[in-house]
Amino acid sequence: MFQIGDKIVHPMHGAGIIDGIVERKVNGVTRSYYSMKLPVGSMLVMVPVDTCTMIGVRPILGSDAIEAVMAALPGIQVDMTSNWNRRYQENMARLKSGRLIEVATVVKGLMQREMTKGLSTGERKMLHSAKQILISEIVMVEAASYEEVEERITKALS
């Protein structure tokens with residue numbers, strides 16, 4: 001499905017580049033894995049080739065789609081429940097969807113909540129992860145710095 005050098009997005013880790021396809025034996029079963037290098041944080045993620053579609057791994061968006069997401073940021077309507085557990089589950093489902101606009105919705109909702117009521121430790125971690133996922137894909141598409149993209153997003157959401 002993907003080749004070495006392809007830019008892809010893992011829904012829970014963000015955008016990266018496939019730098020290899022390797023065989024690994026895990027629990028007695030040998031499987032092929034994409035070795036995905038994430039530019040943000042220099043992390044390496046191993047994604048099973050046979051389940052990558054089920055996980056939600058996808059190619060990165062094009063620049064037009066990224067600009068559409070950036071343009072939509074100020075107008076995103078966020079309706080988050082006051083129940084912490086339900087809100088966390090809804091936000092986790094949005095992140096796992098792999099859709100960039102859903103990730104942006106999580107970022108906007110948690111940033112708004114942080115300004116008004118504060119965030120729990122779990123939601124603070126989720127906000128950090130969601131921002132990294134959002135920023136990583138934009139950085140890969142636009143070849144901009146992490147800081148520049150983070151500033152653009154913060155301005156668009158303010």
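The values are calculated or read from the model by the stated rules, or taken from the named source; none is laboratory data. Bear in mind the structure is a predicted one, so any value in this text is a computation, not a measurement. No Cβ is skipped: glycine too gets one built from the backbone with ideal geometry, and neighbour counts run over all protein chains shown. Heavy atoms of the whole protein, side chains included, go into the accessibility calculation; ligands, DNA and RNA do not. Shrake-Rupley method; radii C 1.70, N 1.55, O 1.52, S 1.80 Å.
Among the protein heavy atoms of the chain, carbon and sulfur supply 53% of the accessible surface, probe 1.4 Å, non-protein parts ignored. Rounded to the nearest 20, the Cβ-based charge dipole of the chain about its Cα centre (Lys and Arg +1, Asp and Glu -1) stands at 620 debye.
When the chain is treated as a Gaussian network with alpha carbon springs shorter than 10 Å, the biggest mean-square fluctuation among ILE101, ILE21, ILE138 belongs to ILE21.
ARG31 exposes around 70 Å² of accessible area when a 1.4 Å probe is run over every protein chain in place. A 1.4 Å probe run over the chain, with the rest of the protein chains in place, finds 54 Å² accessible per residue. Computed over protein heavy atoms with a 1.4 angstrom probe, the accessible surface ordering of ASP64, ASP6, largest first, is ASP64, ASP6.
Computed from the Cβ-Cβ distance with R0 of 35 Å, the FRET efficiency linking ILE4 to GLU142 stands at 0.95. In a fully extended conformation the segment linking GLU151 and ASP79 would gain 23.5 nm over its present Cα-Cα distance, using 0.36 nm per residue. Stick to Cα atoms and the Kirkwood definition of Rh, then tell me Rg/Rh for region 1-139. Computed over Cα atoms, the ratio is 1.02. Sites listed here are trypsin sites (Lys or Arg not before Pro) in region 96-129 whose DSSP assignment is loop and whose Cβ has at most 10 other Cβ atoms within 10 Å: LYS117. Using Cβ point charges alone (K and R +1, D and E -1), the dipole size of region 18-74 about the Cα centre works out to roughly 300 debye.
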